[in-house]
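Quick note: the coordinates plus some simple rules give every number you see, no bench work behind them. What you are looking at is a predicted structure, and each value in this text was computed from that prediction instead of being measured.
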Amino acid sequence: MKGDGVNTEVLVNLKPGGKRDKESEQKISPWKEVYKWLWNYKFLRWIDMNGWSILKERAKIAPNWLQFLTKEEMASVQRGTRAVVLPPPPPAVQKIMPTIPAEKSLWMVIDLEFDNSQLLLLNRSQDGEFLLCPSSAYAPHPIIEKPPILLPQKDSWADQDESKTNFKFGKLVKEEFLAIALEKPVSLPWLIPREEEALPEWNAERLKELFEQLEKQDNWQVFYQSFEVVEK
């Protein structure tokens, strides 16, 4: 607590009823101060360490809900129509992690059976933790009107600049993705696509705000997928 700027000596010497601070003339309650510290510091650190794992454990099994396709593979996939979803792999190879070819321009295809739902798509790797949808970089329209969703979306920052279009993975690392589908859209400042933060980063504070919104909803679902970026 001291490291977070809390005057623990004052709190230890206070009685439960609290006393007035001579400088601010405000009544100080040790229990309220401890609660504020737990909520604003301790809980944030816990969310930072465990938030991703909590969502991942809740994830439902949906084989191949997320795919990365090259331009050639996308030639047969029309915008607004369902992508070809491969059948689930046989049991003997289910534990093999899917791969993404490095240094190739790729489309992302999200194929989930939801209509008129809000989609949140989180990504993390050694390079950082980012919100892909909604974002002005790849997905300014987070409502699933009809699956599948193709990223980058039309009118996104990536779609407008041919030199940056689509996804390209340059490092041979593990890429993880979490999709959250909500019947009732949540509204948070960092979920509003804006050019000032084209690719939003998600952190403990933002994850805490998201958890607070999810607690108010009964019907929301999570999906998880990881890939190994490899040379091909």
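A few remarks follow.
- Mean projection area, nm², convex hull over Cα of the range 99-186: 5.8 nm²
- The range 61-230 - percent relative contact order, Cα under 8 Å, separation 6 or more: 28 percent
- The length gained by stretching the chain between ILE192 and GLN221 to full extension, at 0.36 nm per residue less their Cα-Cα distance, is 8.4 nm.
- Cα-based shape type of the range 152-206, given that a ≥ b ≥ c are square roots of the gyration tensor eigenvalues and the cut on a/c is 1.5: oblate
- For the pair the range 109-179 and the range 199-232, the centres of their Cα atoms are 12 angstrom apart.
- Cα pair distances exceeding 11 angstrom across the range 187-232, given as percent: 76 percent
- Rg and Dmax, both from the Cα atoms of the range 140-232 and both in Å, are 15.3, 45.
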